[in-house]
Every structure is written in C-alpha cells, then in structure tokens.
Amino acid sequence: MLVGITYDLKEEYLARGYSEEEAAEFDSPATIEGIETALQALGYETQRIGALPALAAALLQGRRWDIVFNIAEGCHGFGRESQVPALLDYYSVPYVFSDPMTLGICLHKGMTKHIVRDNGIPTADFVVIRDPAEAAAVSLPYPLFVKPVAEGTGIGVGAASKVQNPQELAAASARLIDRHRQPVLVETFLCGRELTVGITGTGAGARTLGALEVVFAPAAESDVYGYVNKAEYLERVQYHLADDADAQKARHVALAAWRALGCRDGGRVDLRFDARGVPNFIEVNPLAGLNPVNSDLPIMCYKAGLRYEQLIGQIMESAVERLKTDTGQRFVPAVTAAAYTGHTGTVAE
C-alpha cells in the first residue's frame with residue numbers, strides 16, 4: 001500500500017522569511033522521518049510529497065497514492081488546515097485524519113465551542129470579539145481568559161492572557177487583534193487541573209489512549225499552557241499520566257467532543273477543570289503534533305506504554321477501516337513510488 005506524506009517543513013518557511021512564531025506549527029525533519037520510519041516498519045511503502053504546491057504539481061502530473069498521511073498545517077486564513085484535504089477530495093485521493101469541514105471548524109475555537117456546547121458538553125462560557133471596541137460589552141465574570149481564535153501551538157497565549165478587569169480585557173483584546181489579525185476568544189477562566197487526552201479512531205470506534213496532566217514548574221512563565229511554556233517545556237513544564245477518577249471523567253468528555261466534532265483517526269482534546277471539579281472542553285487538535293520526542297501525543301503514549309510505531313499503526317488502522325465504508329472517499333489505483341521519482345524522496349515542486 002503506497003502512502004504519500006504531506007507536510008509543511010518549518011525550515012523551509014524560516015528560509016522564506018517567516019518568524020519563529022509564524023512557523024511554530026510547522027514540522028521538523030525529525031517528525032517526517034519518524035512518521036515515515038514508523039509507516040515503513042508497519043509494512044507500508046512511502047513517498048514524501050511535501051507541502052500544498054508539491055502536492056498540486058504531483059496531482060496535475062497524474063501521480064496518485066493509495067492513501068495520503070496528511071499533517072500539513074497550511075498557510076493563511078481559517079481554512080488553512082483544510083487546503084490539502086480539500087485538494088485531495090477533488091482528486092478522490094483518500095487521506096488520513098479529518099476532512100476539510102472538521103478541520104476548518106476545529107481551527108476556529110469559537111465555532112468549535114458552539115458545537116461542543118450545543119451537544120451538552122461542558123465548556124467555559126465565552127464570546128468572540130472581532131473589534132477591540134466590543135470588549136466593553138463583555139458581561140462574563142472575571143477573571144477571563146483571552147486568546148486568538150484560530151492559532152495553535154499556544155501562539156498568543158501567555159501570562160497576559162488571564163485578565164482581571166475590563167481595562168485589562170480591552171488592552172489584551174486590542175493587542176491580540178492587532179498582532180494576529182483575527183478575532184479573539186474570551187472565556188471564563190478555568191482554575192483547575194489541565195489535561196490533554198489522546199484519541200485514536202473515528203465515531204463509535206474512537207477510543208482514548210490516556211490523559212496527560214500538564215503541571216507547571218517553578219520556572220513556568222505562567223499557569224497557562226502557552227507559547228513560551230510549550231517551546232521551553234523541558235524547563236517550564238512537567239507531564240504526568242493521570243489515571244484517577246478526575247482523569248476518567250476528562251477522558252469521557254474528550255471522547256464526546258471528538259465524536260460531536262466529527263474528528264477522525266487520531267488527535268488530542270485539551271481540557272481544564274473548573275472550580276466545581278468539572279472537566280471543561282478547551283479545544284481539540286485534529287492534526288496533533290507527531291514529533292517522536294517532544295509532541296504531547298507521543299509523550300502521552302510513551303507514558304502509557306504505547307510505542308510511537310503503535311500510535312501510527314492505530315491511526316492508520318482507523319483510516320483504512322474507515323475507507324471501507326466511507327462514501328466520501330474511495331481507493332484509486334496507484335503506481336509505485338519508484339515510478340514517480342526513482343526513489344522515496346520529496347516530490348519536486
């Protein structure tokens with residue numbers, strides 16, 4: 001079975017002039033190597049494709065794959081994570097992970113929380129501010145938490161995200177809207193434990209892999225899992241596998257949210273407990289980081305006794321099983337990777 005791999009390589013974007021923050025969500029060569037090595041160990045033939053331009057060129061040349069392992073984050077706008085799967089849908093090429101609609105919804109944290117709340121899943125009260133002037137109308141009780149509505153990797157989240165009064169809310173909202181050129185999500189601050197729950201599978205077949213608790217070290221920038229704490233996690237954060245009654249409740253909430261949002265194959269759901277001890281949905285990552293060393297999902301799996309290769313195997317099993325009955329995707333004939341390039345390297349753009 002020939003598996004293409006689509007991704008955005010961080011070093012390529014840095015070379016094009018992107019800042020470290022702007023390229024924070026993109027992947028390192030070690031991530032691509034880890035995924036490819038795991039797939040090959042599982043018996044799949046692989047071909048590195050690369051980013052959207054390389055994929056588009058390959059498709060126009062008539063190249064096809066039995067399935068594409070897509071971790072491309074895309075560029076620009078609320079639909080950036082949907083770009084690669086939308087193109088693959090057009091050419092009827094199956095792929096791993098969620099479809100364009102789910103990825104678009106899940107990137108926009110406000111839209112995500114509307115669906116989660118409408119499904120009766122606990123999530124903090126919230127509003128979305130599109131203009132700094134709207135901050136004056138927010139009536140939620142303080143403290144509040146403010147972050148960009150469509151960023152990942154903790155971008156725009158830090159010590160200043162927790163605000164105590166209307167003046168701080170107005171300042172934080174104006175700063176984030178100006179810097180990130182997008183609305184901000186304002187929600188009731190959750191004061192309890194923070195966990196991230198790993199999930200593999202789709203729909204009724206989805207299951208949780210474990211719950212990883214994020215514990216902030218004395219050197220942490222703040223008590224929020226933001227950009228600085230994530231980037232410098234070795235000094236600022238400790239991770240513990242949680243398996244108590246609270247963790248079981250968090251896993252239940254995470255699985256309900258995963259199914260409600262239509263997420264597929266594998267990813268993470270982040271939660272935080274409120275003052276009453278209820279795990280609240282924060283956000284979902286349907287394209288979770290897969291660096292074998294420093295991404296939350298693999299770290300969780302190691303602590304739960306699951307090897308990286310097993311994680312990739314479960315994700316692939318979900319995708320392949322799903323395609324047997326998925327009317328939106330179908331297998332198409334694929335020739336070998338060698339017929340494309342003579343090797344299994346990156347397709348030239």
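The values are calculated or read from the model by the stated rules, or taken from the named source; none is laboratory data. Here the structure is a predicted model, which is why all the values come from computation and not from measurement. Virtual Cβ from ideal backbone geometry, glycine too; neighbours counted across all protein chains shown. Each accessible area value is taken on the protein alone, full model and side chains, heavy atoms only, with ligands, DNA and RNA left out. Shrake-Rupley method; radii C 1.70, N 1.55, O 1.52, S 1.80 Å.
Miscellaneous remarks
- Taking region 47-70 as the range and being farther than 16 Å from ALA86 by Cβ and without any contact (Cβ under 8 Å) to a residue 60 or more places away in the chain as the test, the residues that pass are GLN61, GLY62.
- Residue pairs meeting the criteria (Cβ under 7 Å; at least 6 apart or on separate chains; first without any contact (Cβ under 8 Å) to a residue 40 or more places away in the chain, in region 279-301; second in a loop (DSSP other than H, G, I, E, B) and open to solvent by less than 10 Å² (accessible area, probe 1.4 Å)): PRO298/LEU290
- Looking at LEU42, LEU55, just one residue is of a type outside the set (Phe, Trp, Tyr), touching a helix residue (DSSP H, G or I) at 6+ places or on another chain (Cβ under 7 Å), open to solvent by 20 Å² or more (accessible area, probe 1.4 Å) and modelled with pLDDT of 95 or more, and that residue is LEU42.
- When region 163-175 is filtered for residues that are assigned to a helix (DSSP H, G or I), open to solvent by 10 Å² or more (accessible area, probe 1.4 Å) and touching a residue at least 12 places away in the same chain (Cβ under 8 Å), the ones remaining, listed by number, are PRO166, ALA170, ALA174, ARG175.
- Taken over region 1-27, the residue count meeting the criterion of being out of contact with any strand residue (DSSP E or B) (no Cβ under 8 Å at 6 or more places or on another chain), in contact (Cβ under 8 Å) with a residue 12 or more places away in the chain and either part of a loop (DSSP other than H, G, I, E, B) or charged (D, E, K, R) (or both) is 6.
- Scan of region 143-197 for residues that are under 27 Å from TYR239 (Cβ atoms) and among the small types (Gly, Ala, Ser), ordered by number: ALA150, GLY152, GLY154, GLY156, GLY158, ALA159, ALA160, SER161, GLY192
- Taking region 135-162 as the range and being without any contact (Cβ under 8 Å) to a residue 60 or more places away in the chain and more than 16 Å from HIS180 (Cβ to Cβ) as the test, the residues that pass are ALA136, ALA137, VAL138, SER139, LEU140, PRO141, TYR142, PRO143, LEU144.
- Residue match in region 92-113 (condition: assigned to a strand (DSSP E or B) and open to solvent by 30 Å² or more (accessible area, probe 1.4 Å)): no
- Subset tally (residues that are within 18 Å of the chain's Cα centre (by Cα) and among the β-branched types (Val, Ile, Thr)) for region 43-85: 3
- The listed residues are THR196, THR202, and the only one of them that is touching a helix residue (DSSP H, G or I) at 6+ places or on another chain (Cβ under 7 Å) and open to solvent by 40 Å² or more (accessible area, probe 1.4 Å) turns out to be THR202.
- Neighbours by Cβ (under 6 Å, 6+ apart or cross-chain): first from region 28-44, of a type in the set (Ser, Thr, Tyr); second open to solvent by 10 Å² or more (accessible area, probe 1.4 Å): SER28/LYS10; THR31/ASN291; TYR44/MET1
- If you go through region 176-193 and keep only what is open to solvent by less than 20 Å² (accessible area, probe 1.4 Å) and in a strand (DSSP E or B), you end up with VAL184, LEU185, VAL186, GLU187.
- Leading residue by the ranking (most open to solvent (accessible area, probe 1.4 Å)) among those in region 28-39 that are assigned to a helix (DSSP H, G or I) and not aliphatic (A, V, I, L, M): GLU33
- Residue in region 313-330 that is at pLDDT below 95, surrounded by 16 or more Cβ atoms within 10 Å (Cβ to Cβ) and in a loop (DSSP other than H, G, I, E, B) present: yes
- Failed item in (1) modelled with pLDDT of 95 or more; (2) closer than 23 Å to LEU107 by Cα, with TYR13 passing the rest: (1)
- Positions within region 118-153 being closer than 22 Å to ALA288 by Cα, polar (S, T, N, Q) and open to solvent by 30 Å² or more (accessible area, probe 1.4 Å), in sequence order: THR153
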